[in-house]
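Below: one structure, written as structure tokens.
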Amino acid sequence: MVNLAKKIALITGASKGIGKKIARRLAKEKFNLALIAKDENKLKKLKDELSKENIDVFILPIDLTENNVPQFVIEKVIEYFGGLDILINNAGTALSKPLLETSEEEWDNLMTTNAKVP
């Protein structure tokens, strides 16, 4: 079995849902984590929780849909950890309404977040 302890994983959409569960699981496996999401307060709480696993946790509250942000995030994570081993593209969004009631702005945000952001 491969020992993945101290490998560096970047997780987008890390502050809730699936991303948060992935972060918890990888923390138990002793990964060092870069957690990316919009909500700074949720990221700070998760960092406090996961730091108890004796791992290094880097948080970056940022909106991935802004221009050039994905590249910026990768650069910051590599700057902080000195490298990156695993990228988990988990950030996503959904609309709970009929397509005909969806504005162009809502559609653009949905497609940017789910299809364009790496």
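Note on region 54-83: among residues that are of a type in the set (D, E, K, R) and modelled with pLDDT under 95, the one that is nearest to the chain's Cα centre (by Cα) is Asp63.
Taken over region 1-29, the criterion of being touching a Gly at 6+ places or on another chain (Cβ under 7 Å) and assigned to a loop (DSSP other than H, G, I, E, B) is satisfied by Gly13 alone. One residue stands out in region 98-118 among those that are in contact (Cβ under 8 Å) with a residue 24 or more places away in the chain and outside any helix (DSSP H, G or I): the one that is farthest from Ile8 (Cα to Cα), namely Val117. Filtering region 47-78 to residues that are buried (at least 17 other Cβ atoms within 10 Å of the Cβ) and aliphatic (A, V, I, L, M) leaves Leu50, Ile55, Val57, Ile59, Leu60, Ile62, Leu64, Val73, Val77. Of the residues making up region 30-58, those that are touching a helix residue (DSSP H, G or I) at 6+ places or on another chain (Cβ under 7 Å), closer than 16 Å to Thr12 by Cα and not in a helix (DSSP H, G or I) number 8. Filtering Lys44, Lys38, Lys97, Lys28 for residues that are charged (D, E, K, R) and within 29 Å of Val2 (Cα to Cα) leaves a single hit, Lys28.
The rows are residues; the columns are (1) at pLDDT 95 or above; (2) among the hydrophobic types (A, V, I, L, M, F, W, C).
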position	(1), (2)
Ala23	yes, yes
Leu33	yes, yes
Asp39	yes, no
Asp48	yes, no
Ala91	no, yes
Ser96	no, no
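Surrounded by 13 or more Cβ atoms within 10 Å (Cβ to Cβ) and assigned to a helix (DSSP H, G or I), is that true of Leu95? Here the answer is no, as Leu95 does not meet what is asked.
Contact map, region 3-25: first residue under 11 Å from Asn89 (Cα atoms), second residue hydroxyl-bearing (Ser, Thr, Tyr) and modelled with pLDDT of 95 or more, Cβ cut-off under 9 Å, separation 6 or more or different chains; pairs are Gly19/Thr12. When region 88-113 is filtered for residues that are within 15 Å of Ala37 (Cβ to Cβ) and not small (Gly, Ala, Ser), the ones remaining, listed by number, are Ile88, Asn89, Asn90, Thr93, Thr113.
Residues in region 26-45 that are without any contact (Cβ under 8 Å) to a residue 40 or more places away in the chain, within 27 Å of Asn114 (Cβ to Cβ) and in contact with an Asp or Glu (Cβ under 9 Å, 6 or more places away or on another chain): Ala27, Leu33, Lys38. Beta carbons closer than 7 Å, at least 6 apart along the sequence or on distinct chains, pair a first residue in region 46-73 that is of a type in the set (Ser, Thr, Tyr) with a second that is modelled with pLDDT of 95 or more and surrounded by 15 or more Cβ atoms within 10 Å (Cβ to Cβ) for Ser51/Val57.
The values are calculated or read from the model by the stated rules, or taken from the named source; none is laboratory data. Bear in mind that the values here come from a model prediction, so they are computed numbers and not experimental data. Note that we place each Cβ from the backbone using ideal geometry, even for glycine, and neighbour counts take in every protein chain shown.
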